[in-house]
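Here's the structure, in structure tokens; my notes come after.
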Amino acid sequence: MLLIYSTTFDTTVDMLIYHMNESDVFRFNSDCFEKYKITLNDDGFEIQDPLGRITNNKNINKVLYRKPSLKKDLLIQTKQLSDEEDYIDRELYYIAREIINLSWFQQKIVLIEPLVDFRVGKFVQLSIAKKYFNVPNYEFRYNTKSKEFNDRDIVIKSLTMQPLDKKQYLVLYTTKTKENELSNNQPWMIQEYIDAKYDVTVVFIRDKMFAFELDRSDFIDKTVDWRELSVDKTTSNWHVHNLKKDIEDSIYQFMNDLKLHFGRLDFLYDGKNYYFLEVNPNGQWLWLDPKNELGVMKKFIEEIHPNTPLNPIPTQVR
């Protein structure tokens, strides 16, 4: 079987199971631990779901780590947790993490490294990316004034996408501005503004990649960040992009340096040059191939399906 560790709100997991045989998948959702029966001892682990289906370390041969979360950290919260409920949730979250770690040692984790953002954050990515790609000038600052950008156009970004207002889900998307318009007493991730014609995103799945482009002229008068637009307004505007061979080769080398089997890489493209922005090592990709027609869904399922060859993520990382 394939064990998927996620939440009930994960649409990508919904679609993966839809395109697979449901009996081949055991879904373990961190937002409803109370619905499972869990045992972990020297013999291994066993989990029983609300339907009575049982999985354990003997019938699981692949594990996919998606986006599990503590209840208190969910953006969608049905109620305020009591101290006892929060304690129980954290204890079970710890146990689930150890089940994942044990599976990692047994070389069963595929594609996505658990908690990979703690190892391969944005500044590690940018530092290594400079070996292979054009990288816009960048700087983080707090309680200081930058001399790097002066009056040039810049963009500011959130490093965490933590909501500024959870009730309204107000977040800081990439925003075009100038250095002298920023206050000193806020943390700012600043990057040089690139006047590009296309957003290019590349879904990297172990030994294959799929590139797509989005024409920025459709929204640049409203925002520099396509994520700020509703999904239904942008999904149909993404088209297959013919990635240049040298960039493709560089992506393989870059992902190898980071020891990543999966990631969604974002670039800006001005028709001649690519500019690296970031790689999301557990990024969303479903909207690019929702009908399983362009190969992304097929390749992803090929890697995680319990009946295909096992290609585990590295068990030793920096």
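The values are calculated or read from the model by the stated rules, or taken from the named source; none is laboratory data. What you see is a predicted model; the values in this text were computed from it and never measured. Ideal geometry is used to build each Cβ from the backbone, glycine not excepted, and the neighbour counts take in all protein chains shown. The area values use the complete protein model at the heavy-atom level, side chains included, leaving out ligands, DNA and RNA. Shrake-Rupley method; radii C 1.70, N 1.55, O 1.52, S 1.80 Å.
Computed on region 29-187, with alpha-carbon pairs under 8 angstrom and 6+ residues apart, the relative contact order is 17 percent. How big is the C-alpha Rg of region 207-312 next to the rule-of-thumb value 2.2 N^0.38 Å, as a ratio? Cα Rg divided by the expected 2.2 N^0.38 Å: 1.16.
Just the accessible area per residue of the chain, please: how many Å² with a 1.4 Å probe? If you can, show how the numbers build up before the last one.
On the way: 16960 Å² over 318 residues.
Using a 1.4 Å probe on heavy atoms only, each residue of the chain averages 53 Å².
Straight-line cross-link reach from Lys58 at under 19 Å between alpha-carbon atoms covers these lysines, not counting any fewer than eight positions away in the same chain: Lys37, Lys108.
Counted by Cβ distance under 12 Å from Gln106, the other residues give a net charge of +3, where Lys and Arg count +1 and Asp and Glu count -1.
Quote the FRET efficiency, to the nearest 0.05, computed for Arg97 versus Ser127 with a Förster distance R0 of 41 Å and r equal to the Cβ-Cβ distance.
On the way: r = 28 Å, r/R0 = 0.68.
The formula returns an efficiency of 0.90 here.
Short version: what are the Cα gyration tensor semi-axes of the chain, square root of 5 times each eigenvalue, largest first, in whole Å? Each step should come with its number before you reach the end.
Working: eigenvalues 252, 117, 70 Å².
Each semi-axis is the square root of five times an eigenvalue, giving 35, 24, 19 Å.
Between Asn59 and Leu294, the contour length at 0.36 nm per residue exceeds the Cα-Cα span by 81.4 nm. Spin-label model, Phe9/Tyr36: points 7 Å from Cα along the beta carbon direction are separated by 1.8 nm.
Reducing region 52-75 and region 233-303 to their Cα centroids gives an inter-centroid distance of 26 Å.
Could you tell me whether region 65-147 comes out rounded, prolate or oblate from its Cα gyration tensor? Rule is a ≥ b ≥ c as square roots of the eigenvalues, rounded for a/c under 1.5, then prolate if a/b exceeds b/c, otherwise oblate.
On the way: a/c = 3.34, a/b = 1.48, b/c = 2.25.
Oblate is the answer for region 65-147, as a/c is 1.5 or above yet b/c matches or exceeds a/b.
Which entries of Lys35/Lys67; Lys208/Lys272; Lys62/Lys208; Lys62/Lys245; Lys131/Lys222; Lys35/Lys157 have Cα-Cα distances beyond 30 Å here?
Numbers: Lys35/Lys67 19 Å; Lys208/Lys272 23 Å; Lys62/Lys208 20 Å; Lys62/Lys245 32 Å; Lys131/Lys222 33 Å; Lys35/Lys157 38 Å.
Result: Lys62/Lys245; Lys131/Lys222; Lys35/Lys157 exceed 30 Å.
Can you give me the Kirkwood hydrodynamic radius for region 118-275, using every pair of distinct Cα atoms, in Å to one decimal?
Values: mean 1/r = 0.0585 Å⁻¹.
Kirkwood radius, region 118-275: 17.1 Å.
Rounded, prolate or oblate: which fits region 14-121 when a ≥ b ≥ c are the square roots of the eigenvalues of the alpha-carbon gyration tensor, with rounded for a/c under 1.5 and prolate only if a/b beats b/c? Don't jump to the answer; show the numbers that get you there.
Details: a/c = 1.35, a/b = 1.25, b/c = 1.08.
The shape class here is rounded.
Classify region 128-195 from the C-alpha gyration tensor, please: rounded if a/c falls under 1.5, else prolate or oblate depending on whether a/b exceeds b/c. Show your work: numbers first, answer last.
Values: a/c = 1.91, a/b = 1.33, b/c = 1.44.
Note, shape of region 128-195 comes out oblate.
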